[in-house]
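Asks: I have a structure here, written as structure tokens, and I will follow up with some questions on it.
The values are calculated or read from the model by the stated rules, or taken from the named source; none is laboratory data. Quick caveat, the model's predicted, so the values are computed rather than measured. Backbone-built Cβ (ideal geometry, glycine too); neighbour counts: all protein chains shown.
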Amino acid sequence: MNKNIDLEFTPLHMNITHKHMEGNNGRGRYILLPGAFARAKEISESFLDAKVITHPRGHNFHYGHLKHNGKKIDVASVSSGMGTPSVEIILTELIRMGATKIIRVGTCGAMQDSIKGDDILVATAAIRDEHATDAYFPKEFPSVASFSLISDIQQTAVELKMFDKIKIGVFHTKSALYARKFETAPKETKNKEYMTLVRKFNTIGGEMEASMLFMFGQYYDIDTAALAISVLGKDEHIEPEEEAKRTKNLIAFSIEVLKRIN
């Protein structure tokens, strides 16, 4: 039995029971975790026999299954909301209900000029430039993705002949978007110096969720990973139509990863 399951626990932000998390021969449903509520619904449109359990706070639990090479894969999608504090809430509830494999499907800001618009960014680790994880772990403890899921992601890219579109590296997870990303006042100089240093270490994407996901993955001994498309480059802000196109490609790739989880 999954050691993290708490049979007496009732989630506060999702209307699910432990039964809804069951599947995949005791491994639990494989979860795709976008930040946006609409993206969770869009992901579910790829599920077979898709159903949804709504919640007033918007963390609707979409679930169903996929099929690949004659195998049924039980899956779900739910929004984490924005930022590590929201991720902490939803992850805690998912894990206590039985989740063992969770992949973030999100957006980020590209941090290197070499990243192209149709690239899919894969995090190996995340810089903990936020404070939610500090409530659990000392700053010296690294935030690292699961090697097994990174391997599944790489294998999927190879099989789909997309490996040249995959960029693998470290994400920067922040808790202050406008201060860090846009380097605004009152600590404008300090923020610019900090972000310049982060870019020098070839960090590939800036976002606001991955560090908490990875830390919980390590602590609870579950598999976690993060995939993202860039919607805001160093000197680029894309149009909604282009973001929708990139999002569609990311979702399609993420679905294929779920089919190939070992």
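Asks: Return the total of residues in region 119-142 being assigned to a strand (DSSP E or B) and exposed (fewer than 12 other Cβ atoms within 10 Å of the Cβ).
Replies: Residues in region 119-142 being assigned to a strand (DSSP E or B) and exposed (fewer than 12 other Cβ atoms within 10 Å of the Cβ): 0 in total.
Asks: Taking helices (runs of 4 or more DSSP H) that fall entirely within region 1-118, which contain at least 2 residues that are under 28 Å from ALA176 (Cβ atoms) and of a type in the set (Asp, Glu)? Outline the logic, then answer.
Replies: Details: elements: 18-21, 37-44, 83-97.
Because the criterion is at least 2 residues that are under 28 Å from ALA176 (Cβ atoms) and of a type in the set (Asp, Glu), the helices (runs of 4 or more DSSP H) in region 1-118 that meet it are 83-97.
Asks: Out of (1) closer than 30 Å to ALA135 by Cα; (2) surrounded by fewer than 24 Cβ atoms within 10 Å (Cβ to Cβ), the odd one out for ALA99 is which?
Replies: Looking at each condition in turn, ALA99 falls short on (2).
Asks: Right, another one. Quick one: which residue in PHE201, PHE163 is more than 14 Å from the chain's Cα centre (by Cα), surrounded by fewer than 18 Cβ atoms within 10 Å (Cβ to Cβ) and within 28 Å of GLU42 (Cβ to Cβ)?
Replies: PHE163
Asks: Where the second residue is small (Gly, Ala, Ser) and outside any strand (DSSP E or B) and the first is closer than 12 Å to MET21 by Cα and lies in region 64-75, which pairs have Cβ atoms under 6 Å and are six or more apart or on separate chains?
Replies: Final answer for the pair search is ASP74/GLY23.
Asks: In region 173-202, how many residues are of a type in the set (Lys, Arg) and touching a residue at least 60 places away in the same chain (Cβ under 8 Å)?
Replies: Residues that pass the stated criteria total 2.
Asks: Read through the list (1) closer than 30 Å to LEU7 by Cα; (2) free of Cβ contacts under 8 Å to residues at least 24 places away in the same chain; (3) of a type in the set (D, E, K, R), then give the number of the only condition that LYS139 fails.
Replies: (1)
Asks: Next question, about the same structure. If you check ASP113 against the conditions, is it at pLDDT below 95, surrounded by fewer than 19 Cβ atoms within 10 Å (Cβ to Cβ) and within 19 Å of the chain's Cα centre (by Cα)?
Replies: For ASP113, the condition - at pLDDT below 95, surrounded by fewer than 19 Cβ atoms within 10 Å (Cβ to Cβ) and within 19 Å of the chain's Cα centre (by Cα) - is not met.
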